[in-house]
Structure formats: C-alpha cells, structure tokens
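One structure is given here, and the rest of the page talks about it.
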Amino acid sequence: MAKNLEITEKLEKYIKNFSLKLNPIQQEIIDYNNTLGDVKRMQVATSQCHFLHLIIKTSNIKRVLEIGTFTGLSALSIALALPDDGKLVALDKDEETNKVALDFFKKANLNNKIQTIVKPALDSLDEFKNSKFDMVFIDADKMNYKEYYERSLKLLDKGGLIIVDNVLWHGEVADEDNLDKYTINIRDFNTYVANDKRVEQIIIPLGDGMTVCRVL
Ligand SMILES: C[S@@+](CC[C@H](N)C(=O)[O-])C[C@H]1O[C@@H](n2cnc3c(N)ncnc32)[C@H](O)[C@@H]1O
C-alpha cells in the first residue's frame with residue numbers, strides 16, 4: 001500500500017500554486033485576518049475554500065446556510081460559487097466581525113446574495129422551521145456541534161449536504177490519551193455522526209478536517 005502523504009508547508013505551497021486562484025477579496029480577507037494575531041486561526045484554509053467552491057458547483061447547490069462566519073472567508077467562498085439566483089444565510093453572534101464581513105461582501109458585490117443574522121445560532125436555527133437549504137456548513141462553537149447537526153438535518157431534504165469543520169481537531173481526536181474536554185467533544189460528535197443511519201459521510205483531511213455528510 002502506498003504511504004500516505006505528509007502535507008508539509010512546501011507541499012501545501014505547491015498545491016496552492018497548482019489549484020484554483022483566490023478571488024482578490026478572498027485574499028484581502030486573509031490579509032486582514034493575518035493582522036489579527038492568534039484569532040486568524042479561526043478562518044478556513046485556502047484548500048477548504050476551493051473544496052466548498054467545487055462541491056457547490058458540482059452539486060447544483062443554490063441555498064446554503066453557514067453557522068459561524070467570522071470575518072467572512074468561507075461565506076465569500078460559498079457565495080462566489082453560488083449561481084446568480086443562489087442565496088447564503090450566514091449566522092454569527094459577533095457584531096464586530098459581522099461588520100467586517102459585510103464590508104468585504106459589499107466590496108465583492110455579493111452583499112445581495114448573502115444575508116447575515118447576528119445572534120446566537122441556535123436561536124436563528126429555531127426560527128428556520130419552514131426554510132429549506134441544499135447545504136449547511138457548520139463552523140461555530142464546537143460544544144454545540146451536535147445541536148447544530150440535528151437542527152441542520154431538519155432543514156435539508158434527501159441528498160442535502162452537511163459539511164462540518166474542525167473534526168480532526170489538530171489531529172488530537174486520534175490520540176486516545178488526550179482527554180481534554182474539547183477533544184472528547186469532537187470525538188463524541190464524530191462517533192455520533194458515524195453511527196447515524198440518516199446520512200452517509202466521509203472525513204476529508206483538508207484544513208483541520210471536514211466531515212461531508214449526505215442525507216439519505
Ligand atoms: C471558526 S470561526 C468561523 C470561521 C469562518 N467560517 C471563516 O471561514 O472565517 C467561529 C465563529 O463562530 C462564532 N460563534 C461562536 N459561538 C457562536 C454561537 N453560539 N452562535 C453564533 N456564532 C457563534 C464566532 O463568533 C466565530 O466568528
């Protein structure tokens with residue numbers, strides 16, 4: 001069996017050079033996040049932006065819900081891939097980062113395609129009872145992942161997608177000696193999804209690890 005690749009920084013740069021190019025506003029968001037210090041780790045990786053792009057394009061996705069927007073990198077990546085009549089609803093509880101994200105969306109001329117809602121995501125999700133989406137991207141507070149997942153399932157029809165970020169938790173999920181409560185939480189979430197007969201799912205090692213679930 002071929003040995004699995006270790007994605008070194010050098011290889012990551014190579015992959016970047018030979019993949020899709022970022023839109024100038026995506027690059028502006030990344031540059032802005034780089035000025036924020038440690039919180040910049042919140043943003044999705046470039047490879048994840050490209051993955052979201054490809055999956056939206058190839059799956060004929062029109063209505064997307066995002067849980068956890070921060071300064072807007074994943075949201076903008078999603079909106080750029082959506083068709084003209086597509087729509088993204090983006091949830092985050094942080095007013096300040098939402099303002100920053102809105103400025104970037106305007107600059108990219110995508111503010112009409114993106115609706116942001118600023119309040120705790122569970123409150124918004126409870127109000128969405130009659131809405132339907134084709135895809136939900138979950139990337140907010142990890143302790144609520146199971147709640148977000150269950151509520152997302154109610155908003156999707158058969159064939160709908162749930163994509164969840166940070167499911168490999170810096171690789172710590174596989175270290176059985178790590179009993180940190182956040183690691184245990186992600187591990188429990190991954191077990192929950194793996195045992196869920198309502199979906200079929202794979203974990204993709206992009207960024208901090210993404211689960212892609214398809215509703216059966
Ligand atoms: C990892 S960041 C999202 C990163 C974003 N997807 C990107 O690509 O830049 C997580 C976000 O979830 C938000 N968040 C945390 N708890 C939340 C909650 N209970 N309701 C709504 N948003 C929440 C935080 O304010 C933060 O902006």
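Modelled this way, with points 7 Å down the Cα-to-C-beta line, the labels at Asp84 and Tyr14 are 4.2 nm from one another.
Taking a Cβ cut-off of under 10 Å around Ser131, the surrounding Lys, Arg, Asp and Glu residues balance to a net charge of +3, with basic ones at +1 and acidic ones at -1. When Asp38, Asp134 are compared by accessible area at a 1.4 angstrom probe, the order from most to least is Asp38, Asp134.
Using a 1.4 Å probe on the protein heavy atoms, what percent of the accessible area of the chain belongs to carbon and sulfur?
Numbers: 6300 of 12120 Å².
Whole-percent figure for carbon plus sulfur exposure: 52.
Does the range 75-196 come out rounded, prolate or oblate by the C-alpha gyration tensor, with a ≥ b ≥ c the root eigenvalues, rounded set by a/c under 1.5 and, if not, prolate when a/b is larger than b/c and oblate if not? Cα axes put the range 75-196 in the prolate bin. Pairs of Lys residues in the range 4-97 that lie 8 or more places apart, or on two chains, and have C-alpha atoms under 30 angstrom apart add up to 22. Note on the chain: GNM, Cα springs under 10 Å; of Lys99, Lys129, Lys13, the largest mean-square fluctuation is that of Lys13. The label point for Val39 and the one for Asn109, both projected 7 Å from the Cα toward the Cβ, are 3.1 nm apart.
Counting only Cα atoms, the size of the range 15-88 along its three principal axes is 36, 29, 16 Å, in decreasing order. The separation of the range 106-162 from the range 25-82, counted between C-alpha centres, amounts to 14 Å. Have a look at Lys132, Lys146, Lys181 and tell me which one the Gaussian network model of the chain (Cα, springs below 10 Å) gives the largest fluctuation. It is Lys181.
Residues in the range 116-128 carry Karplus couplings, in order, of 9, 10, 9, 5, x, 4, 4, 5, 4, 4, 5, 8, 8 Hz; the curve used is 6.51 cos²θ - 1.76 cosθ + 1.60 with θ = phi - 60°, and Gly or Pro positions show x. Remark: the chain carries 56 Å² of accessible area per residue (probe radius 1.4 Å; ligands, DNA and RNA excluded). Seen from every direction in turn and averaged, the convex hull around the alpha carbons of the chain projects onto 13.0 nm².
The values are calculated or read from the model by the stated rules, or taken from the named source; none is laboratory data. On a predicted model such as this, the values are computed, not experimentally measured, just so you know. Positions of Cβ are generated from backbone atoms using ideal geometry, with glycine treated the same way; all protein chains shown enter the neighbour counts. Please note that ligands, DNA and RNA were not included when accessible areas were found on the heavy atoms of the full protein model with its side chains. Shrake-Rupley method; radii C 1.70, N 1.55, O 1.52, S 1.80 Å.
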